[in-house]
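S.K.: Dropping the structure in here first, questions after.
The values are calculated or read from the model by the stated rules, or taken from the named source; none is laboratory data. These figures come from a predicted structure and were not determined experimentally. Cβ atoms come from the backbone with ideal geometry, glycine included; neighbour counts cover every protein chain shown. SASA here: full protein model, heavy atoms, side chains in, ligands and nucleic acids out. Shrake-Rupley method; radii C 1.70, N 1.55, O 1.52, S 1.80 Å.
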Amino acid sequence: MKFSWERNLVVLWTGVFFCSMAYSISIPFLPIFLNTELGVEHHLEAWSGIAFGITFLASALISPYWGSLADKYGRKPMLIRSGFSLAVLYLLNYFVQDPYWFLIIRIFQGLLAGFVPASIALVATNTPEEKTGYALGIMSTAGATGSILGPLVGGVVSHYFSNREAFLFSSFIVLIAALTATFFAKEKNFNRQAVRSHVMDDLRHALSNRAFSVMLLMAGVSTFSVMILEPLITVYVLKMGVPKDTASLSSGIVFSAVGIATVIMAPRWGKWGRRIGYEKVLMIGLLGSGVGNMLQVFVPNYIGFGILRFGYGLFYAAVNPSINAMIVRTTEPEFRGRAFSLNQSASQLATMAGPIIGGLLGGMMPIRYIFIINGGMLLFAAWMFRFKIQPRSAAVSRHS
């Protein structure tokens with residue numbers, strides 16, 4: 001059968017969609033699961049933050065090893081390994097009765113992860129050069145769409161069945177992703193005789209490209225701004241007076257509001273970026289989402305909170321497409337697959353740090369103050385990009 005990059009894109013998009021959904025299914029009820037099922041009564045915010053972040057810490061530490069194996073054996077074997085491993089681990093969550101064992105399983109989920117970056121690398125290296133930017137943009141919507149539907153599905157399943165049954169659902173859909181990759185994903189452009197790159201060489205190359213380094217920094221900041229609130233929103237919704245028996249569904253709707261806004265606005269921001277410049281669109285996104293975070297402090301009920309989260313999402317939708325487009329523009333074709341892998345690593349580190357810091361801060365101060373801190377951080381990032389980083393990057397580009 002003739003190789004079709006479009007067919008490959010559809011297959012890998014489907015796999016990433018299911019994998020992202022499986023992870024985000026547990027987001028709305030994880031603090032409630034720790035409290036009601038595993039008996040965590042004290043320091044719930046800190047427990048929630050650690051449970052969120054520890055998976056990504058493990059993933060960030062192990063990802064260079066999986067990357068070296070992908071260079072030697074190919075990206076498709078990494079998809080198969082990760083997909084089936086995660087399906088088993090989600091199944092184990094159904095049986096866990098102790099919070100410490102739950103953390104151990106979360107660690108192994110990070111150690112055996114890698115489905116999403118392997119899929120992105122496979123698309124980046126098996127798509128015609130002139131279509132790479134388009135294909136990677138499409139791939140970014142897979143994770144966003146899965147993250148939108150995941151909390152909503154998790155809220156519905158946990159509300160009508162139980163939190164444990166939601167983990168069974170996660171296991172089932174990751175198994176679908178693994179089977180899809182096994183039977184339908186193709187890897188054409190893979191040379192086992194090529195010289196393998198080393199992680200430190202890739203990092204040195206990335207740091208020598210100032211414009212690309214800036215994009216890694218912006219990716220980390222934007223991801224951190226989302227993830228610092230992940231373990232706190234359900235607790236915040238509970239403190240607004242929502243009953244425990246409906247909190248999973250209510251917080252699932254609130255979580256999904258940002259994702260829905262992202263799907264609506266991301267294509268439009270992409271078009272506007274080509275017209276007025278991705279730098280300007282990134283600035284608008286950072287400023288709008290910073291102000292949107294701060295405004296969330298002033299709403300007393302979860303309905304108004306959800307509406308403001310949706311408004312925040314309309315602006316945040318500008319950030320990641322702009323970063324991805326600028327990565328394509330500022331890196332050479334032969335480095336582009338590794339560039340997106342490094343971008344994924346920056347996001348994973350932020351995804352790890354955000355929930356842990358958010359959980360710890362949530363135990364030390366009222367949660368509403370964290371929205372102010374978060375908004376201020378995004379506004380500061382916008383200021384830094386506009387007045388400190390962007391001019392220097394432009395100067396480097398003119399003299400290179």
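S.K.: What whole-number value in Å² describes the accessible area per residue of the chain for a 1.4 Å probe?
M.R.: Per residue, the chain has 44 Å² of solvent-accessible surface.
S.K.: Ignoring ligands, DNA and RNA, please state the percent of accessible area on the range 1-66 from carbon and sulfur, probe 1.4 Å.
M.R.: Roughly 66 percent of what the probe reaches on the range 1-66 is carbon or sulfur.
S.K.: Could you let me know the centre-to-centre spacing of the range 318-332 and the range 18-60, using Cα atoms, in angstrom?
M.R.: What the calculation gives is 31 Å, centre to centre.
S.K.: Work through the residues other than residue 89 whose Cβ is under 15 Å from its Cβ and net out their charges, Lys, Arg +1 and Asp, Glu -1.
M.R.: Around residue 89, the surrounding residues sum to +3.
S.K.: Work out the count of Lys pairs in the chain where the Cα-Cα distance is under 30 Å, with the pair 8 or more places apart or on different chains.
M.R.: Lysine pairs meeting both conditions in the chain amount to 18.
S.K.: I would also like to ask the following. Per the 1.4 Å probe, what fraction of the accessible area of the range 176-331, in percent, lies on carbon and sulfur atoms?
M.R.: Answer for the range 176-331 is 67 percent, counting heavy atoms of protein chains only.
S.K.: Between Rg and the Kirkwood Rh of the range 199-352, both from Cα atoms, what is the Rg to Rh ratio?
M.R.: Result for the range 199-352 is an Rg/Rh of 1.04.
S.K.: Right, another one. Show me, bin by bin at 20 Å from 0, the whole-percent P(r) of the chain based on Cα pairs.
M.R.: 28, 60, 12, 0
S.K.: Given an 8 Å cut-off on Cα distances and at least 6 residues of separation, report the relative contact order of the chain as a percent.
M.R.: 27 percent
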